[in-house]
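First comes the structure, then the notes that go with it.
The values are calculated or read from the model by the stated rules, or taken from the named source; none is laboratory data. Since this is a predicted model, take the numbers as computed values, not measurements. Using ideal geometry, Cβ is built from the backbone for each residue, glycine included, and neighbour counts are taken over all protein chains shown.
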């Protein structure tokens, strides 16, 4: 049965709608579920992006998708509408921290952000309004729009001052010639005139028109939506985060076709999940990465052996950080599983590259590196 908080490990992220989980919500998950989510390739790509290239994922307003995250779209295979949901799930896992970037308005009926702002005459609600300056002739108390005052060039002053644009006004009521800088003239800004009912007003009525469902609404009727920027959470201990994406990139540079996470259906019909499944020279190799605060024990190795045996792969590799128990090391020899151990990912990556290059030309290798 599908749960709205479920995580799809492969394929579409349609199950991650960004309207279902807010950044403040938290999901309680088992260690296995957490490891599975961390190993998802888009999650790995986003962590890698924030640790190596940029400090913050900023949203970009979009009329179709409401918001998009171009930097995530460029480095992943996610569709624009899938990204916000994944980012919010990463926030609920305490991988990311959300920060309010912008608040936008959307239609309260269809949730579209494609709203047009319309300015209406407060008297007849017509859109046919125009904005004009008004001029007041103080002496005769006449007030009208600037266009109604007759503009005449003061040719004598223009010649004397060398300025052909020195214009005067003529009051339509008393026909007095007025200079714009005269104390007898007051120029006011911001009057709106309706071309239908000829009424004027200081402010128009502001409404919003949804271009999707063609609904007209006032500001009190619209909905607000928050657009979030994301940064790497301060609670994430990067020394304990296994970045599988750089490992996958190394494998592809060597010549393997690598999927992370990868899936193989075994003889039993069970679909097994591995951190990395790679193919090269007609060989199928699976890799699982395990981390422990102290030492990785044999239980992880046994799980890998069972899945790899059912999947009938050519080689199995377990990356153990920082080390493995003696029992795990001995068991790996019996199972024929290569164990790569190290305290840092840089050291592990170097060892893995050496092993994988060797496996392209040889089917045998010693059990521990």
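Some notes on this structure:
- For segment 201-294, the strands (runs of 3 or more DSSP E) that sit wholly inside it and include 2 or more residues that are over 30 Å from residue 133 (Cα atoms), in contact with a strand residue (DSSP E or B) (Cβ under 8 Å, 6 or more places away or on another chain) and in contact (Cβ under 8 Å) with a residue 24 or more places away in the chain are 223-232, 262-265, 271-274, 276-280, 283-291.
- A search for C-beta distances below 7 Å between a residue of segment 48-59 that is touching a residue at least 24 places away in the same chain (Cβ under 8 Å) and any residue that is in a helix (DSSP H, G or I), counting only pairs 6+ apart in sequence or on different chains, returns 48/245; 48/246; 49/71; 49/75; 51/238; 57/71; 57/72; 57/87.
- Among the residues of segment 169-200, the ones that are within 23 Å of residue 122 (Cβ to Cβ) and loosely packed, with under 15 Cβ neighbours inside 10 Å come to 8 in all.
- From 22, 41, 68, residue being within 30 Å of residue 107 (Cβ to Cβ) and modelled with pLDDT of 60 or more: 68
- Subset of segment 314-332 (residues that are surrounded by fewer than 22 Cβ atoms within 10 Å (Cβ to Cβ) and part of a strand (DSSP E or B)): 315
- Residue check: residue 99 meets all listed conditions (1) surrounded by 14 or more Cβ atoms within 10 Å (Cβ to Cβ); (2) at pLDDT 90 or above but one, namely (1).
- Here residue 339 clears all of (1) surrounded by fewer than 16 Cβ atoms within 10 Å (Cβ to Cβ); (2) in contact with a strand residue (DSSP E or B) (Cβ under 9 Å, 6 or more places away or on another chain); (3) modelled with pLDDT of 90 or more; (4) over 22 Å from residue 43 (Cβ atoms) except the condition numbered (1).
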